[in-house]
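All remarks here apply to the structure that follows.
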Amino acid sequence: MTPSAVPPNPVVVPQPEALSISFDDTLRFYLNGTRVVLDNIDPEVTLLEYLRGIGLTGTKLGCGEGGCGACTVVVSQYNPTTRRIYHASVNACLAPLVSVDGKHVITVEGIGSSKRPHPAQERIAKSHGSQCGFCTPGIVMSLYALLRNNPEPTEHDVEEAFDGNLCRCTGYRPILDAAQTFSVRGRDAAPACGNAKANGGSGCCMENGGDGGGGEGGGGGGCCKDAKTDGADGAPVKRFTPPGFVEYQPDTELIFPPALKKHELRPLAFGNKRKIWFRPVTLSQLLEIKNAYPTAKIIGGSTETQIEIKFKALQYPISVYVGDIAELRRYALNDDQVEIGANITLTDLEGVCREALDRYGSVRGQIMAAIDKQLKYFAGRQIRNVGTPAGNLATASPISDLNPVLMAADAVLIAKSLGKETELHMADFFQGYRKTALPPEAVLASIRIPLARAKNEWFRAYKQAKRKDDDIAIVTAALRVRLSDDGIVEYANLVYGGMAPTTVAAKQANAYLVGRRLAELQTLEGAMNALGHDFDLRYGVPGGMASYRKSLALGFFYRFYHEVMQSLGAEADAEAVGEIERDLSKGWEDKQAAAEYMQETLGRSNPHLAALKQVTGEAQYTDDIPPLKNELYGCLVLSTKAHAKLKSVDFSPALEIPGVVDYVDRHDMPSVAANHWGGANKDEVFLAEDEVHTAGQPIGLILATSAARAAEGARAVQIEYEELPAIFTIEEAIEKESYFDFYREIKKGDVDEAFKNCDYVFTGETKMGAQEHFYLETQAALAIPKPEDGEMEIWSSTQNPNEAQAFASQVLNVQSNKVVVKVKRLGGGFGGKETRSVQLSSILALAAKKTRRPVRCMLTREEDMVTSGQRHPFLGRWKVGVNKDGRIQALSMDVYNNGGWSWDLSAAVNERALTHSDGCYLIPNIHVRGRICKTNTMSNTAFRGFGGPQGMFLAESFMEEVADRLGMPADKLREINFYGAGDLTHFNQPLTDWHIPLMYRQVRAEAGYAARREAAARFNAAHKWRKRGLALIPTKFGISFTALWFNQAGALVHIYHDGSVLVAHGGTEMGQGLHTKMSMIAAQALGVPLEDVYISETATNTVANASPTAASASSDLNGYAIQNACDQLNARLAPYRERLGPGASLKDVAHAAYRDRVNLSAQGFYKTPEIGYDWAANAGKMFFYFTQGVAAAEVEVDTLTGSWTCLRADVKMDVGRSINPAIDYGQIQGAFVQGMGLFTMEEPLWLAGGPLAGNLATRGPGAYKIPGFRDIPQEWNVSLLKGVEWKDLRTIQRSRGVGEPPLFLGSAVFFAIRDALKEARKEFGVVPRLAGHEDREGQEAKEDGLLVLHSPATAERIRLACKDPIIEKARVQAKEGEKSFFLTTV
């Protein structure tokens, strides 16, 4: 969504003639080894825009804010701090073009090609580390940067190399496995222990033997996981190059251009009447520029500025790039302080911190250690490579990781202006929200950081975020205390970020502490009370999470206090001190799973056929298509109100902007009916008419000669609203009876009678939040009008070319045979491009028709998130009847999903949730009812699992709560109630090839589950603030579209003279390996090598009327259609094979057949047999079969903060006879991590009040967190079921669909967290009231301690579920009428 309307006021840009500096106006740099000279430079262009503009499209635009890493390139330069060449991975989407002068830019295309890949590219491709491939070039470049700077990285170096990269497909494990082939282990390598201080941890068990920073000593025991060496004299032991891989030879890399070593940096100035850039190379030049232009924007890394320009529409007509001023990047280690240049990069600052620790020791260097610790989790490496302390300070973010440390340390800032130097004390620097004491004509030149005292002083820093790596803080703190020799507090400085509009000291707590004996209990209690007064947050505080933030402020101090007590040898709560750290992750896959049925091609783990193209940047996505002549760019004009009448829409200001050509709105539609779209209901409009029903609803489309001008035009459109009442949550909708006209029920048995006869009846309510798809490639399309008959060619990133064709023909007022929709590949889909992609492609088609020019648009991440819908939030209200033996007798449940403002696919999603609400359990009497809530959020849509995970989550939640009521382990309750083979589901379908009980037993044994549960019990008994939990969760997922007509597919297979085979089918490739599997089926069927089969693209003119690529059915449907076509061809070729003999090649056979005028093309078709369900009669076969799986997970939770880590996960899936085990493993791992994100950290939030009430707040990776590399299980074992017979499975090769089913197994992590939380609550006497024990002595007087944990189990929700005194002290209650700052849509 473009920022709210900002009139494009003309900017008067002064010229540099007023300065005495002699400026150059030419950029000189190297690009992939070639010299580039630019003297006609657009000052508003980023490095990414430049690269893509010249055809280097391997570098991708994923988010535009430096949060996903898809745009990563390497910039090699001479580093004035370290005085050596450094190869910096950077976010090209943020880097201004001016920043590359005198440097060597290396893109993914520059290091290798699919014919000659770089070892990093080859290993990721062949190790199955690329699925959709959109994120892959950025990941490759992060690995490349690591290898260029350190050809022999440690395992820990590798593990941390990707902290600025995200992937939504792979689950990260295969990428890490590929990258670890480059690592070495030796005596000097960093220990593998995550707690090791060498790895930024709080200290390994063998390192914490010293005094913890309170005295002169320090732990010297080393790490418990220090490597051993086998070579002579302790020489490092290098991993051998794995078989089949090219050896990595660092001396063959692109050299740093010799000409750049001699390059003289000259002051630069260039621009136009809108914007001018200055690039001084000395401090004096900078001060002269700043003196002349006090309002000039100083830019170091541009990590904040580019976001302000793109997403807040801020204008900086005069910008000064200071990254090349050597004087601002120096440092000095003095006797009593460390002085650093204010513009030193954060990466270099990490090195300075470590050098300081080596020189000063762990006691005097405590402050530098704290800085180093905060930097470890400060954004990603790409940001740290360019970000600077000065940037952190000047932006004055209240949640900065670094600023609290500098303030607590009493650091002094040295500001310089022309002829003047000023000392600014950190205590007085922040004047208000985003305001500082820095004079407008001054710049920050350096920072003086004092050292800690040699004894009796302690300094620690803490941070809590939604995700450990690359995340902005919720609360950050730096805590400092100095004692006299007799233990009296002489000085205290407790500083927090995230608790106020600025970084702030806890004044009352600081004052309270001074003069008191720290070791006395009342001192702790008094300080905690004072902190409570310092941070007396109101319920609706900006940023939300009032109780959680307050608990973190108290918890950090509690942890700090007891670490100090521990080091003093005083009585301490030692369990509170340590923080959760990760070990190196590892994984295992059963490589022999398909050995029993492997064929020449099928059953083999062939790499994704496009993997080498993806790792080298050659793979083309929609927006990579080269610009066409006369092409226009579109930008949507979106509503900023959740529900309002449109009083007026004025496009005229946009048309005044140079470059804006035209606009499209509803009046351009050929008819009123043409503007309506959707499923059977067609209740949605492409372009708003008289009313908007959600924030982010399209009102129009601006067309311009560039994407930037189109966005500027969209901001200029003036819209007048009359706001109307809006509904956002399911509970609101239920209260106001706001529903779509939909009701479904499944009824089996007699629940009312069953409830009368069972021993216990329990009721409950379960909530499950939404989830953003976050495919790395946003919605994109290109519409190309043809000169004849109204024809239109559309390239779209869609899972549904058929529907894109149908609605494009509707808005164009032509028949479908005039519209061709093509799809090369998608950069991820997950259901989000099944219907929602149609909106963009249809609007672009209309614009192309109106202007008679090609029109393209790729949504920004923000636009995509506010327009394209999410996973449906769900609410279940249930009633369960159970007997004493644990056998469930009855279930009655009302199931509500939040459909948003239009139908979309909400009915089918609700239906699937109902069909999966039994989980894997035989419930003889069941009545489940479904309703769809109508609200004013974006229209929610398909998402991997399509209601199945929601239904199963409701089932597993009531299983957990019933088990707690019975005092029975949930694992046992599950086993008691498992379906048996042949049992009927609640929709009366028999379960055949039923392997859940078998897999449950296998996973329990293979994971050592019983022993680990005993070990967890011992751990929990010994730890007060750390708790471990385990869960063992099954899944069954029905495979078939519930809309019967979608269960069909077509294919077209051509054999050419040379024996090569071209296959076309109706499915789209979005990373799931569909084209690879289909090629394997064709190769096996025709008896040719896999390399002889090719799939070019998906197109509506080769396979018509294709079903969407969804429902995990695409391999089944398209695979059988291809098999059918190949069978026809084999029948035609049989006589020629017989004549030519078994050794004849397909080339010879095809040539002979061609000469006999035999048709070498065949159209195949398949429709799923037997299925067809009658909802009214509760009869018929709903699904063709069920894919099944079981997962065990173990977690450790830090109950003081809500942080957690998954220690281990074991996953086993029944995928039948796998067509390609490697691809199936990739789908399992990717789905598991996506499911883990769904249930633990991904939480869409909306603004609850103010002028933007009802707008999505989490609209990019900065606010919305998907799992990263270091969120995956530390140990992760995945296997496929083998050694069984699939008697009833009649699919292609007897394989099962695998895309969606594993996703729910990610909930095993959620339920393991719940298990740990029960132990945390029990620690403080909070336990559930047991059924049949209500009259037990004292039981009735206690509050019922049943844990009701809704999804997702975010760190905040985990902490609030605890019942310790700290969280109870921190709870903030809402006053009458007070709303939370954010709301969710459950």
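The values are calculated or read from the model by the stated rules, or taken from the named source; none is laboratory data. Keep in mind the model is a prediction, meaning the values are calculated, not measured. For neighbour counting, all protein chains shown are included, and Cβ atoms are generated from backbone atoms with ideal geometry for every residue, glycine included. These area figures cover heavy atoms from the full protein model, side chains too; ligands, DNA and RNA do not enter into them. Shrake-Rupley method; radii C 1.70, N 1.55, O 1.52, S 1.80 Å.
Within region 1250-1293, restricting attention to residues that are of a type in the set (Gly, Ala, Ser) and over 30 Å from GLN1084 (Cβ atoms), which residue is surrounded by the fewest Cβ atoms within 10 Å (Cβ to Cβ)? Steps first, answer last, please.
Going through region 1250-1293, the residues of a type in the set (Gly, Ala, Ser) turn out to be 1250, 1253-1254, 1257, 1260, 1262-1263, 1268, 1279, 1283.
Of the ones still in play, those that are also over 30 Å from GLN1084 (Cβ atoms) are 1250, 1253-1254, 1257, 1260, 1262-1263, 1268.
On the way: GLY1250: 10, ALA1253: 17, GLY1254: 26, ALA1257: 17, GLY1260: 20, GLY1262: 18, ALA1263: 18, GLY1268: 25.
Checked region 1250-1293; the qualifying residue surrounded by the fewest Cβ atoms within 10 Å (Cβ to Cβ) is GLY1250.
Of all residues in region 651-660, which are outside any helix (DSSP H, G or I) and open to solvent by less than 60 Å² (accessible area, probe 1.4 Å)? Break it down stepwise before answering.
Keep residues of region 651-660 that are outside any helix (DSSP H, G or I), which gives 651, 656-660.
Within region 651-660, PHE651, ILE657, GLY659, VAL660 qualify.
Anything in region 481-509 that is within 39 Å of the chain's Cα centre (by Cα) and in a helix (DSSP H, G or I)? List them, or say none.
LYS507, ALA509
Among the residues of region 345-356, is any open to solvent by less than 10 Å² (accessible area, probe 1.4 Å) and of a type in the set (S, T, N, Q)?
The answer is no; no qualifying residue exists.
Listed residues VAL1149, VAL1158, VAL1195; which is open to solvent by less than 10 Å² (accessible area, probe 1.4 Å) and either more than 35 Å from the chain's Cα centre (by Cα) or within 18 Å of GLY1050 (Cα to Cα) (or both)? Can you show your working first?
Values: VAL1158 fails: open to solvent by less than 10 Å² (accessible area, probe 1.4 Å); VAL1195 fails: either more than 35 Å from the chain's Cα centre (by Cα) or within 18 Å of GLY1050 (Cα to Cα) (or both).
On inspection, the qualifying residue turns out to be VAL1149.
Table: residues versus (1) in contact (Cβ under 8 Å) with a residue 60 or more places away in the chain; (2) under 23 Å from GLU631 (Cβ atoms); (3) among the basic types (Lys, Arg).
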| position | (1), (2), (3) |
| --- | --- |
| GLN799 | yes, no, no |
| ASN802 | yes, no, no |
| ALA806 | no, no, no |
| GLN810 | yes, no, no |
| GLN815 | no, no, no |
| GLY831 | yes, no, no |
| ARG853 | yes, yes, yes |
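Could you check how many residues of region 668-687 are of a type in the set (S, T, N, Q) and modelled with pLDDT of 95 or more?
Filtering region 668-687 down to residues of a type in the set (S, T, N, Q) leaves 671, 675, 681.
The next check asks that each one be modelled with pLDDT of 95 or more; those that pass are 671, 675.
The number of residues fulfilling the criteria is 2.
Collect the residues in region 792-815 that are over 10 Å from SER842 (Cβ atoms), in a helix (DSSP H, G or I) and open to solvent by less than 10 Å² (accessible area, probe 1.4 Å), keeping them in residue-number order.
Result: PRO801, single match.
Residue under question is THR763, and the condition is that it be farther than 16 Å from ALA1099 by Cα and of a type in the set (S, T, N, Q); does it hold?
Yes, satisfied.
Quick check on region 148-170: of everything there that is outside any loop (DSSP other than H, G, I, E, B) and in contact with a Lys or Arg (Cβ under 9 Å, 6 or more places away or on another chain), which residue is farthest from GLY1230 (Cα to Cα)?
Taking region 148-170 as the starting set, the residues that turn out to be outside any loop (DSSP other than H, G, I, E, B) are 148-149, 154-160.
Now narrow it down to the ones that are in contact with a Lys or Arg (Cβ under 9 Å, 6 or more places away or on another chain): 154-155, 159-160.
On the way: THR154: 26, GLU155: 22, GLU159: 18, GLU160: 20 Å.
Going through the qualifying residues, I end up with THR154.
Conditions tested, residue by residue: (1) open to solvent by less than 10 Å² (accessible area, probe 1.4 Å); (2) in contact with a Leu (Cβ under 6 Å, 6 or more places away or on another chain); (3) among the hydrophobic types (A, V, I, L, M, F, W, C).
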{"site": "PHE1046", "(1), (2), (3)": "no, no, yes"}
{"site": "GLY1050", "(1), (2), (3)": "no, no, no"}
{"site": "HIS1065", "(1), (2), (3)": "yes, no, no"}
{"site": "LYS1077", "(1), (2), (3)": "no, no, no"}
{"site": "GLN1084", "(1), (2), (3)": "no, yes, no"}
{"site": "GLY1087", "(1), (2), (3)": "no, no, no"}
{"site": "ALA1104", "(1), (2), (3)": "no, no, yes"}
{"site": "SER1107", "(1), (2), (3)": "no, no, no"}
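Every residue in region 861-892 that is under 30 Å from GLY69 (Cβ atoms) and of a type in the set (Val, Ile, Thr), please. Walk me through it before giving the result.
Step one: list which residues in region 861-892 are under 30 Å from GLY69 (Cβ atoms), which gives 861-873.
Hits for region 861-892 are VAL866, THR867.
Answer yes or no as to whether GLY1249 is more than 23 Å from GLY1008 (Cα to Cα) and in a helix (DSSP H, G or I). Can you show your working first?
Numbers: more than 23 Å from GLY1008 (Cα to Cα): yes; in a helix (DSSP H, G or I): no.
Against the criterion (more than 23 Å from GLY1008 (Cα to Cα) and in a helix (DSSP H, G or I)), GLY1249 does not qualify.
Counting just the residues of region 739-778 that are assigned to a helix (DSSP H, G or I) and open to solvent by less than 20 Å² (accessible area, probe 1.4 Å), which one comes out nearest to LEU840 (Cα to Cα)? Break it down stepwise before answering.
Kept after step one, since they are assigned to a helix (DSSP H, G or I), are these residues of region 739-778: 751-757.
Next, only the ones that are open to solvent by less than 20 Å² (accessible area, probe 1.4 Å) stay: 751, 754.
Details: VAL751: 47, ALA754: 51 Å.
Taking the candidates together, the pick is VAL751.
Consider LYS373 carefully, then state whether it is open to solvent by 20 Å² or more (accessible area, probe 1.4 Å), modelled with pLDDT under 95, within 24 Å of the chain's Cα centre (by Cα) and not β-branched (Val, Ile, Thr). Before you say what the answer is, go through the steps one by one.
Numbers: open to solvent by 20 Å² or more (accessible area, probe 1.4 Å): yes; modelled with pLDDT under 95: no; within 24 Å of the chain's Cα centre (by Cα): yes; not β-branched (Val, Ile, Thr): yes.
Against the criterion (open to solvent by 20 Å² or more (accessible area, probe 1.4 Å), modelled with pLDDT under 95, within 24 Å of the chain's Cα centre (by Cα) and not β-branched (Val, Ile, Thr)), LYS373 does not qualify.
For region 816-849, give me each residue that is of a type in the set (Gly, Ala, Ser) and outside any loop (DSSP other than H, G, I, E, B).
Looking only at region 816-849, we keep the residues that are of a type in the set (Gly, Ala, Ser), and these are 816, 827-829, 831-832, 837, 841-842, 845, 847-848.
Listed by number, the residues that qualify are SER816, SER837, SER841, SER842, ALA845, ALA847, ALA848.
What number of residues within region 707-738 are aromatic (Phe, Trp, Tyr), surrounded by fewer than 22 Cβ atoms within 10 Å (Cβ to Cβ) and part of a loop (DSSP other than H, G, I, E, B)?
Step one: filter region 707-738 for residues aromatic (Phe, Trp, Tyr), giving 721, 728.
Okay, now just the ones that are also surrounded by fewer than 22 Cβ atoms within 10 Å (Cβ to Cβ), so 721.
Next cut, part of a loop (DSSP other than H, G, I, E, B) only: none.
Of the residues in that region, 0 qualify.
Among the residues of region 1213-1231, which ones are in contact with a Phe, Trp or Tyr (Cβ under 6 Å, 6 or more places away or on another chain) and open to solvent by 10 Å² or more (accessible area, probe 1.4 Å)? Can you show your working first?
Start the filter on region 1213-1231 by keeping residues that are in contact with a Phe, Trp or Tyr (Cβ under 6 Å, 6 or more places away or on another chain), which leaves 1216-1217.
Selection gives ARG1217 alone.
Assess whether ASP623 counts as being open to solvent by 10 Å² or more (accessible area, probe 1.4 Å), more than 30 Å from ALA783 (Cβ to Cβ), of a type in the set (D, E, K, R) and modelled with pLDDT of 95 or more. Even if it seems obvious, please write down each step before you answer.
Working: open to solvent by 10 Å² or more (accessible area, probe 1.4 Å): yes; more than 30 Å from ALA783 (Cβ to Cβ): no; of a type in the set (D, E, K, R): yes; modelled with pLDDT of 95 or more: yes.
In short, no.
Being without any contact (Cβ under 8 Å) to a residue 60 or more places away in the chain and either assigned to a strand (DSSP E or B) or within 25 Å of GLY69 (Cβ to Cβ) (or both): is that true of LEU424 here? Steps first, please.
Working: without any contact (Cβ under 8 Å) to a residue 60 or more places away in the chain: yes; either assigned to a strand (DSSP E or B) or within 25 Å of GLY69 (Cβ to Cβ) (or both): yes.
Taking the combined requirement at face value, the residue satisfies it.
Of the residues GLY69, GLY55, which is open to solvent by 30 Å² or more (accessible area, probe 1.4 Å) and out of contact with any His (no Cβ under 8 Å at 6 or more places or on another chain)? Can you show your working first?
Working: GLY69 fails: open to solvent by 30 Å² or more (accessible area, probe 1.4 Å).
None of the others qualify; the one that does is GLY55.
Can you find even one residue in region 320-330 that is open to solvent by less than 30 Å² (accessible area, probe 1.4 Å), in contact with a helix residue (DSSP H, G or I) (Cβ under 6 Å, 6 or more places away or on another chain), within 30 Å of PHE556 (Cβ to Cβ) and not in a helix (DSSP H, G or I)?
no
Residue-by-condition table, conditions (1) open to solvent by 10 Å² or more (accessible area, probe 1.4 Å); (2) touching a Ser or Thr at 6+ places or on another chain (Cβ under 7 Å); (3) under 15 Å from THR1201 (Cα atoms):
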position: LYS550; (1), (2), (3): yes, no, yes
position: LEU554; (1), (2), (3): no, no, yes
position: VAL564; (1), (2), (3): no, no, no
position: ALA570; (1), (2), (3): yes, no, no
position: ASP573; (1), (2), (3): yes, no, no
position: ALA576; (1), (2), (3): no, no, yes
position: SER585; (1), (2), (3): yes, no, no
position: TRP588; (1), (2), (3): yes, no, no
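Just one of the numbered conditions (1) of a type outside the set (Gly, Ala, Ser); (2) open to solvent by 10 Å² or more (accessible area, probe 1.4 Å); (3) assigned to a loop (DSSP other than H, G, I, E, B); (4) in contact with a Ser or Thr (Cβ under 6 Å, 6 or more places away or on another chain) is not true of HIS927; which one?
All conditions pass for HIS927, except number (3).
Scan (1) assigned to a strand (DSSP E or B); (2) open to solvent by 50 Å² or more (accessible area, probe 1.4 Å) for the single condition ALA680 breaks and write down its number.
Unmet condition: (1).
If you go through region 55-76 one residue at a time, do you hit one that is in a strand (DSSP E or B), in contact with a Gly (Cβ under 9 Å, 6 or more places away or on another chain) and not hydrophobic (A, V, I, L, M, F, W, C)?
Looking for residues that are in a strand (DSSP E or B), in contact with a Gly (Cβ under 9 Å, 6 or more places away or on another chain) and not hydrophobic (A, V, I, L, M, F, W, C), one finds at least one in region 55-76, hence yes.
Just checking, which of THR1187, THR1205, THR1201 is in a loop (DSSP other than H, G, I, E, B) and either touching a strand residue (DSSP E or B) at 6+ places or on another chain (Cβ under 8 Å) or not hydroxyl-bearing (Ser, Thr, Tyr) (or both)? Spell out the reasoning first.
Numbers: THR1187 fails: in a loop (DSSP other than H, G, I, E, B); THR1205 fails: in a loop (DSSP other than H, G, I, E, B).
Unique residue meeting the criteria: THR1201.
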